[in-house]
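One structure below.
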Amino acid sequence: MVILFAFHADNMTGRPFHVLLIAMPIMLRVYFNLFLVYGMMLMVKAPHNVAAPGALIGASNFFELAVAVAITLFGANSGAALVCVVGVLVMLSVTGICNRTRHWLVEKTK
C-alpha cells in the first residue's frame, strides 16, 4: 500500500478536485452504510467490539481486493488504482469514526 500511495502522491496532491470527485460518491455510500449499521447496533444494544467490526464490514467495498485487481489489470499508475487508493483513505476515516464514537455504544461487561 505504501508503494501504491507513492505512485499516486502526485495525482492526489496535484489534482485535489479529481480526488474530491472520486471520493464524494465513495464517501456517501460508505458513510450511509456505516451509520445504518451503527443505528441497528444501537437498537440492539450491541457492544462496541461487535458494532465496530460490523460497521467496517458493512461499509467496506473490499478495497484490498479491488486494489489487487486494479493493479493486476491496469497497472499501479492507472486511474483504477487511484480510485482504490482514495477508497482506502475513506475506509481509514471510517475507522476513525468507529473509534471516536465508542461512547455511543454499551461496553461489554465481564
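Tabulated data
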item	result
About the Cα centre, charge dipole magnitude for the chain (Lys/Arg +1, Asp/Glu -1 at Cβ), debye	420
Within the chain, helix-based [θ] at 222 nm, where runs of 4 or more DSSP H residues each add -39,500 (n - 2.57), nearest 500	-25500 deg cm²/dmol
Overall Cα dimensions of the chain, principal axis frame, Å, largest first	48, 26, 19
Residues in the range 36-64 reached by a label modelled at residue 104 [backbone nitrogen below 17 Å; 7 Å Cα→Cβ]	36-60
The range 2-104 - percent relative contact order, Cα under 8 Å, separation 6 or more	35
GNM result for the chain, Cα springs below 10 Å: residue of 52, 23, 68 fluctuating most strongly	68
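Taken together, the values in this text are just the output of simple stated rules run on the coordinates, not laboratory data. Values in this document were obtained by computation on a predicted structure and should not be read as measured data. Positions of Cβ are backbone-derived with ideal geometry, glycine not excepted, and every protein chain shown enters the neighbour counts.
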